[in-house]
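Just below is one structure, and these are the notes that go with it.
The values are calculated or read from the model by the stated rules, or taken from the named source; none is laboratory data. Just so you know, these numbers come straight off a predicted model, no measurement behind them. When we count neighbours, we look across all protein chains shown, and the Cβ atoms used for this are built from the backbone with ideal geometry, even at glycine.
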């Protein structure tokens with residue numbers, strides 16, 4: 001190799017190394033990665049004693065990894081590689097497959113599986129998280145202690161209280177994992193959680209209703225490329241919720257809406273942007289994924305007063321029809337855009353309800369499709385999501401205004417998150 005070619009190689013090599021470094025320095029840092037659904041690391045603060053700190057160098061390394069130029073493009077290339085057929089994680093499993101014929105009620109036969117960015121893709125259709133096989137007893141102990149204390153305080157205020165446990169997607173669809181990934185840890189975690197609750201708490205365990213469904217029926221109740229249920233699953237949970245509370249409550253009695261009051265259709269066009277599909281750049285075609293079911297009440301919901309407070313405390317929505325529901329003509333759809341998305345506060349006032357009850361609902365995102373249905377049953381329904389308050393006190397909320405009923409509704413894979421921070 002002559003000298004000029006050697007110099008050219010060295011220049012090209014140095015240009016790549018220093019070019020990436022220089023470009024990464026001059027391009028503004030990003031705060032969030034949509035494809036990975038996480039906050040990106042920022043430049044750590046430097047102090048004189050930080051050179052002696054191991055954590056500083058670990059933070060700096062993570063910062064450089066997160067902010068390097070062309071990072072999204074490199075992640076996308078890696079994900080495509082992991083999604084290729086040669087990475088089918090069931091290769092050995094399929095060699096030993098018994099070819100036993102499944103019954104229709106057994107649900108989907110898992111014939112293809114691969115892991116991409118900590119997500120499991122089954123049969124090029126379903127996306128699920130890699131399941132945990134650990135029961136986090138210490139975290140559950142902390143969460144249930146906070147829940148017990150919150151319920152006790154509410155009851156002492158004269159507020160009738162219910163804890164609603166909705167069935168999570170991971171647990172319900174465990175049959176869609178390859179055999180080697182399946183686990184009963186989600187069942188055990190839920191059982192342990194319930195065992196730590198005070199016996200006096202009114203638990204509405206919607207999961208017991210879902211346990212009566214076949215695998216095939218459960219598949220019809222959850223989105224394929226998103227971590228939530230679809231409106232069929234949500235509506236089924238709403239019916240069970242109202243029925244159980246009505247049967248137990250001395251102050252509330254009503255019947256849930258029935259399917260005869262609903263117009264049912266299906267998404268046939270547009271792209272559905274599932275939260276999991278978004279995390280690896282829509283490897284599953286969003287034009288074909290999740291042709292989701294659409295429920296529209298035959299008699300439109302109307303409210304005397306309606307209020308929405310966004311995550312940042314602003315008010316940009318004043319009309320319920322702009323907030324909730326399927327909008328024809330859109331080119332893209334998502335769980336959040338159809339069902340209102342996560343907000344600090346939603347307030348409904350419905351004078352057509354058959355009572356004067358003032359109800360407070362604390363919830364996670366699984367409840368988003370259900371809130372306007374619940375609002376049909378109460379004179380006032382206030383919905384709060386304490387994840388989006390930097391300062392939140394359930395005690396202050398309950399003492400500033402009297403609520404006849406408090407409903408705390410989380411899904412049963414949400415056992416120790418920030419939703420249990422009732423006093424910040």
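Taking residue 253 as the residue in question, decide whether it is within 20 Å of residue 207 (Cα to Cα) and either touching a helix residue (DSSP H, G or I) at 6+ places or on another chain (Cβ under 6 Å) or assigned to a loop (DSSP other than H, G, I, E, B) (or both).
no
Could you list all residues from segment 217-233 that are assigned to a helix (DSSP H, G or I) and more than 14 Å from residue 411 (Cα to Cα)?
Selection gives 217, 218, 219, 231, 232.
Report yes if residue 249 is closer than 28 Å to residue 407 by Cβ and either touching a residue at least 24 places away in the same chain (Cβ under 8 Å) or surrounded by 19 or more Cβ atoms within 10 Å (Cβ to Cβ) (or both), otherwise no.
yes
Could you list, ordered by first residue, the pairs with Cβ atoms under 7 Å in which the first is in segment 296-310 and more than 14 Å from residue 348 (Cα to Cα) and the second is surrounded by fewer than 14 Cβ atoms within 10 Å (Cβ to Cβ), at least 6 apart or interchain?
296/263; 297/261; 298/261; 298/263; 310/316
So in segment 117-133, with the set limited to residues that are closer than 14 Å to residue 181 by Cα and touching a residue at least 60 places away in the same chain (Cβ under 8 Å), which one is surrounded by the most Cβ atoms within 10 Å (Cβ to Cβ)?
Per the criteria, the residue is 127.
Have a look at 200, 249, 265 and point out the one that is over 20 Å from the mean Cα position of the chain (by Cα) and either over 28 Å from residue 422 (Cα atoms) or not assigned by TED's automatic domain parsing to the domain that holds residue 294 (or both).
265
If I filter segment 272-284 for residues that are out of contact with any helix residue (DSSP H, G or I) (no Cβ under 6 Å at 6 or more places or on another chain) and surrounded by fewer than 15 Cβ atoms within 10 Å (Cβ to Cβ), do I get at least one hit?
no
If you take the residues in segment 392-408 that are more than 22 Å from the chain's Cα centre (by Cα) and without any contact (Cβ under 8 Å) to a residue 40 or more places away in the chain, which one is surrounded by the fewest Cβ atoms within 10 Å (Cβ to Cβ)?
400
Scan segment 354-377 residue by residue and report those that are without any contact (Cβ under 8 Å) to a residue 60 or more places away in the chain and more than 22 Å from the chain's Cα centre (by Cα).
Residues satisfying the conditions are 356, 358, 359.
Residues being outside any loop (DSSP other than H, G, I, E, B) and within 21 Å of the chain's Cα centre (by Cα): count how many of those fall in segment 268-304.
10
Assigned to a strand (DSSP E or B) and over 21 Å from residue 169 (Cβ atoms): is that true of residue 307 in this structure?
yes
Output the residues belonging to segment 340-363 that are crowded, with 19+ Cβ neighbours inside 10 Å and within 20 Å of residue 412 (Cα to Cα).
Matches in segment 340-363: 361, 362, 363.
Being under 25 Å from residue 265 (Cβ atoms), assigned to a loop (DSSP other than H, G, I, E, B) and in contact (Cβ under 8 Å) with a residue 24 or more places away in the chain narrows it down to one residue among 329, 325; which is it?
325
Just one of (1) under 30 Å from residue 150 (Cα atoms); (2) crowded, with 19+ Cβ neighbours inside 10 Å; (3) touching a residue at least 60 places away in the same chain (Cβ under 8 Å) trips up residue 210, so point out which.
(3)
Would you call residue 326 in the same structural domain as residue 235 (by TED's automatic domain parsing), closer than 15 Å to residue 372 by Cβ, modelled with pLDDT under 95 and in contact with a helix residue (DSSP H, G or I) (Cβ under 7 Å, 6 or more places away or on another chain)?
Yes: the conditions hold for residue 326.
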